[in-house]
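Chemist: Dumping the structure here so I can ask a few things about it.
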Amino acid sequence: MKNFIVSILAIFTLNTSLNAQGIKTPAPSPTQTIKQDFALSSIEVVYSRPNIRGRVVFGDLAPFGKLWRTGANAATRVTFGEDVKVGGVALKAGTYVLYTIPNKDEWEVIFNKGLNNWGIDGYKAEEDVAKFKVKPTTLANSVETFTIEIANLTASSADIEISWEKTAIAIPVTADIDGKITKAIETALAVDSRPYFQAASYYFETGKDLNKALAWADKAVEQTPKAYWIMHLKAKIQAKLGNKAVAIETAKKSIELAKEANNMDYVALNEKLIASMK
């Protein structure tokens, strides 16, 4: 650890000297920003990416049982565009610092309000807003560069995955958007320009009331009779309701409309749907 600190100081001094002379050099732990559309907003992560460079990471460079900046340089920041739950703990929309305490069998994950912290310098436990534990997994192949990514996306859930060396953890994130969308649908359907297609799509994709989704799909077809994409949605809803014979006829109608519009992608989608019901 002592040699590691000396090496980092030497690199920092060299970079400072070269930059002072107007020479730009690569950062030893370059910064990365990732932004992922999620639920009704987004998740953004800003962090630095150190390399292993032949060292032992967990248990040495990042000691077990001690607070870790979860990256390098400045504290890792995570911004949620809306209220979420992380690890089952409610968190308001906003920007937070991400810390972890690694251990062999369990990690503690901490979201903290110390946005001016440099690494763990300035950390105050009273500024923690969410704290929970996750289980690490062992990777088959070693990850040389420290990596954070957002994976396993659904309409209302995702994982912030952290991997380095042969260890990975997943931080579960969920957003309660169903109530918001349902209310928005009800409000929108009460005015003259009714978004029947969008309402039917949401109910179909989320497994809500399919009979209501079908009724809205019928309304959408009435609004735009030649919309092959709406007809395709209607066929999928009918199929999911178990009305295969009717769904096949609807899919055939969608094929006719798609061919008229020269959209062969939807022709293929309908053919695939029909084949799945035979």
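The values are calculated or read from the model by the stated rules, or taken from the named source; none is laboratory data. None of the values given here were measured: they were computed from a predicted structure. Ideal geometry is used to build each Cβ from the backbone, glycine not excepted, and the neighbour counts take in all protein chains shown. Each accessible area value is taken on the protein alone, full model and side chains, heavy atoms only, with ligands, DNA and RNA left out. Shrake-Rupley method; radii C 1.70, N 1.55, O 1.52, S 1.80 Å.
Chemist: Report the residue count in the stretch 97-124 for those that are under 22 Å from residue 73 (Cβ atoms) and loosely packed, with under 14 Cβ neighbours inside 10 Å.
Modeler: Residues that pass the stated criteria total 4.
Chemist: Moving to a separate point now. Here are 43, 110, 120: which of them is within 25 Å of residue 165 (Cα to Cα), more than 19 Å from the chain's Cα centre (by Cα) and β-branched (Val, Ile, Thr)?
Modeler: 120
Each row is one residue, and each column tells you yes or no for (1) under 24 Å from residue 258 (Cα atoms); (2) among the hydrophobic types (A, V, I, L, M, F, W, C); (3) in contact with a helix residue (DSSP H, G or I) (Cβ under 8 Å, 6 or more places away or on another chain); (4) open to solvent by 30 Å² or more (accessible area, probe 1.4 Å).
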| residue | (1), (2), (3), (4) |
| --- | --- |
| 182 | no, no, no, no |
| 190 | no, yes, no, yes |
| 197 | yes, yes, yes, yes |
| 200 | yes, yes, yes, no |
| 203 | yes, no, yes, no |
| 206 | no, no, yes, yes |
| 213 | yes, yes, yes, no |
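Chemist: Give me a count of the residues in the stretch 129-173 that are within 14 Å of residue 36 (Cα to Cα), open to solvent by 40 Å² or more (accessible area, probe 1.4 Å), touching a residue at least 24 places away in the same chain (Cβ under 8 Å) and part of a strand (DSSP E or B).
Modeler: Matching residues across the stretch 129-173 total 1.
Chemist: Please find, among 274, 255, 230, 177, the residue that is under 30 Å from residue 134 (Cβ atoms), of a type in the set (Val, Ile, Thr) and open to solvent by less than 30 Å² (accessible area, probe 1.4 Å).
Modeler: On inspection, the qualifying residue turns out to be 177.
Chemist: For residues in the stretch 174-230 being acidic (Asp, Glu) and either in a loop (DSSP other than H, G, I, E, B) or more than 30 Å from the chain's Cα centre (by Cα) (or both), which is farthest from residue 87 (Cα to Cα)?
Modeler: So, considering only residues that are acidic (Asp, Glu) and either in a loop (DSSP other than H, G, I, E, B) or more than 30 Å from the chain's Cα centre (by Cα) (or both), the one farthest from residue 87 (Cα to Cα) is 222.
Chemist: Taking into account only those residues within the stretch 31-72 that are of a type outside the set (Gly, Ala, Ser), open to solvent by 60 Å² or more (accessible area, probe 1.4 Å) and assigned to a loop (DSSP other than H, G, I, E, B), which is farthest from residue 120 (Cα to Cα)?
Modeler: In this case the residue turns out to be 40.
Chemist: Can I ask one more? Can you pull out the residues in the stretch 233-242 that are open to solvent by less than 90 Å² (accessible area, probe 1.4 Å) and either closer than 16 Å to residue 216 by Cβ or touching an Asp or Glu at 6+ places or on another chain (Cβ under 8 Å) (or both)?
Modeler: Result: 233, 234, 235, 236, 237, 238, 241.
Chemist: Just to verify a result, which residue in the stretch 1-40, among those that are more than 36 Å from the chain's Cα centre (by Cα) and not polar (S, T, N, Q), is modelled with the lowest pLDDT?
Modeler: 6
Chemist: Oh, and also: Of all residues in the stretch 240-276, which are part of a loop (DSSP other than H, G, I, E, B) and either of a type in the set (Lys, Arg) or within 19 Å of residue 211 (Cβ to Cβ) (or both)?
Modeler: Those that are part of a loop (DSSP other than H, G, I, E, B) and either of a type in the set (Lys, Arg) or within 19 Å of residue 211 (Cβ to Cβ) (or both): 241, 242, 243.
Chemist: Using the structure shown, decide if residue 133 is of a type in the set (Lys, Arg) and within 22 Å of residue 49 (Cα to Cα).
Modeler: No; evaluated as a whole, the condition is false for this residue.
Chemist: Going by what's in this entry, would residue 57 be described as farther than 20 Å from residue 167 by Cα and of a type in the set (Val, Ile, Thr)?
Modeler: No: the conditions fail for residue 57.
Chemist: Another one. Give me the residue from the stretch 96-128 that is of a type outside the set (A, V, I, L, M, F, W, C) and in contact (Cβ under 8 Å) with a residue 40 or more places away in the chain and, out of that set, nearest to residue 62 (Cα to Cα).
Modeler: Residue satisfying both the conditions and the ranking: 102.
Chemist: Continuing with this model, one more query. Show the residue pairs meeting these rules: Cβ distance below 8 Å; 6+ apart or different chains; first residue within the stretch 33-46 and free of Cβ contacts under 8 Å to residues at least 12 places away in the same chain; second residue among the acidic types (Asp, Glu) and surrounded by 14 or more Cβ atoms within 10 Å (Cβ to Cβ).
Modeler: Cβ pairs passing all conditions: 35/44.
Chemist: Give the residues of the stretch 73-92 that are at pLDDT 95 or above and surrounded by fewer than 22 Cβ atoms within 10 Å (Cβ to Cβ), sorted by residue number.
Modeler: Within the stretch 73-92, 77, 79, 81, 82, 83, 85, 87, 88, 89, 90, 91, 92 qualify.
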